[in-house]
Amino acid sequence: MGGDQISQNYDAFRNTLLGDSRIRNVAVSSYAPGTKLIMDTNFKRKDNGDTFNLMLLYSDFDFIDTYGLEITKGRQFSREFQTDMEQAIIVNERALMTLGFAADEAVGKKLQMTLGNNQEKEVTIIGVLKNFHLQSLRLRIQPMVFLLAPYQHLQSVSIRLSKGDVPAGLDYVSQKWQQFFPEAVFEFEFIDDRLMQLYQSEQKMRNLFILFSGLSIFIACLGLWGLAVFSAEDRTKEIGIRKVMGASIPDIVLTLSKDFTKWVILANIIAWPAAYYFMNQWLLSFAYKTELNIWLFLTAGIGAYIIAFITVSYQALKAALANPVHSLRYE
């Protein structure tokens, strides 16, 4: 958004969109999720004079509903309360902790908000918003204050489409945008695409890991295959004797395959500590991250064993099915 034309025609644009079943919600805000937070100001508690710097997000009455955010205490902004535009604020749980208010006592508390030119105004907390991620998971959730603002001070329109024919919904939005804002270019992006852009380096790293891991596994399997062929030929006479003595085909396959088990186990003993160290170092760059548990490594170890077993079992099975007479004549 931007400019007087958009601020003057936004209400008509919004109401027209909401008249179509393909549009669920429309909201406008200073920025949308995935954008770097750049606005902040000081808030002072009136009871003890303590001052806190909190991030700001300006929006209209519909932002919270459009994004499906959850109010845990109090209420959200409402057009039924004329004072909400000038005096009401909503804080997230992180801001509540920063301010030092208990959740049950926060609603109704008054703060002094610093404006431009060192001016102040009194604002009242009307609701507490459950924490949500507005930025990358590398960053901790910031203490935030949500305020209402006139349209001319807001920049991003957020439109929530109904499930179904999304392209048709986008075409409809584009048509109405050009109808109400003919001088403004219609540009859009999906929120999930914007959030994915925050992790481009992880996407590239993932693709490189998949490529080089695949190459490593392929080369390792070639080596295992060669060892299996050599082992089967080297133990041809032993295989023949075992079959004559009554050994079953599964017994022979296991006998030829178990030698590789110790190498898989040794590889995991070396790999697990190194993998844990480097993965943990990478995860430390995120404020919010998963935990590394033993099942992750056990799954990888079992997967490595299955790959190794499949690689050598064909050659072992081929040797086990051979005629023992030919095996005994081998030398």
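Since every read-out is calculated from the coordinates, none of them should be taken as a lab result. All of these numbers come straight from a predicted model, not from anything done at the bench. Quick reminder, even Gly has a Cβ in these numbers, built from the backbone with ideal geometry, and neighbours come from all protein chains shown.
For Asp60, the residues 5 or more places off, or on other chains, whose built amide H falls under 5 Å of its own are Val28. The amide H of Asn25, built 1.01 Å from its N in the peptide plane, has Arg160 as neighbours under 5 Å, considering only residues 5 or more places off or on other chains. If you take the Cα centroid of segment 173-223 and the Cα centroid of segment 1-63, the two points sit 27 Å apart.
If a spin label sat at a point 7 angstrom from the Cα of Ser285 along the line to its beta carbon, the backbone N atoms of segment 186-227 nearer than 15 Å would be those of 197-209. 3J(HN,Hα) along segment 272-282, derived from phi through the Karplus expression 6.51 cos²θ - 1.76 cosθ + 1.60 where θ = phi - 60°, amounts to 4, x, 5, 5, 4, 4, 5, 5, 5, 4, 5 Hz, with x in place of Gly and Pro.
The DSSP beta bridges internal to the chain are antiparallel in roughly 70% of cases.
The residues Phe77, Phe260, Phe52, when put in order of fewest to most other Cβ atoms within 10 Å, stand as Phe52, Phe260, Phe77. Close amide H partners of Lys73, meaning residues 5 or more places away or on another chain with modelled amide H under 5 Å apart, are Val128.
Counted by neighbouring Cβ atoms within 10 Å, the residues Phe209, Phe297 run from fewest to most as Phe209, Phe297.
With R₀ fixed at 22 Å, the C-beta to C-beta distance from Asp65 to Phe186 puts the FRET efficiency at about 0.40.
Legend: distances between Cα atoms for Lys44/Lys73; Lys36/Lys289; Lys36/Lys204; Lys204/Lys258; Lys46/Lys289; pairs beyond 28 Å are Lys204/Lys258; Lys46/Lys289.
The smallest convex shape that holds all Cα atoms of segment 4-197, its convex hull, gives 134 Å³ per residue. Take the Cα radius of gyration of the chain and divide it by 2.2 N^0.38 Å, N being the number of residues; the result is 1.62. Relative to the longest principal axis of the Cα atoms of the chain, the long axis of helix 4-18 lies at roughly 60 degrees. Here the spin labels are modelled as points 7 Å beyond Cα on the Cα-Cβ line, and at Thr299 and Leu215 they lie 2.6 nm apart. FRET efficiency for Ala275 and Phe132, Cβ-Cβ distance as r, R0 = 30 Å, nearest 0.05? Taking R0 as 30 Å, the efficiency between Ala275 and Phe132 is 0.40. Label separation (Ser21 vs Thr51): 5.6 nm, computed from points 7 Å beyond Cα along the C-beta direction.
Of the beta bridges in segment 4-197, as assigned by DSSP with both residues counted there, near 70 percent are antiparallel.
Fewest-first ordering of Arg160, Arg79 by other beta carbons within 10 Å of each residue's beta carbon gives Arg79, Arg160. The relative contact order of the chain comes to 20 percent, based on Cα pairs under 8 Å that sit 6 or more residues apart.
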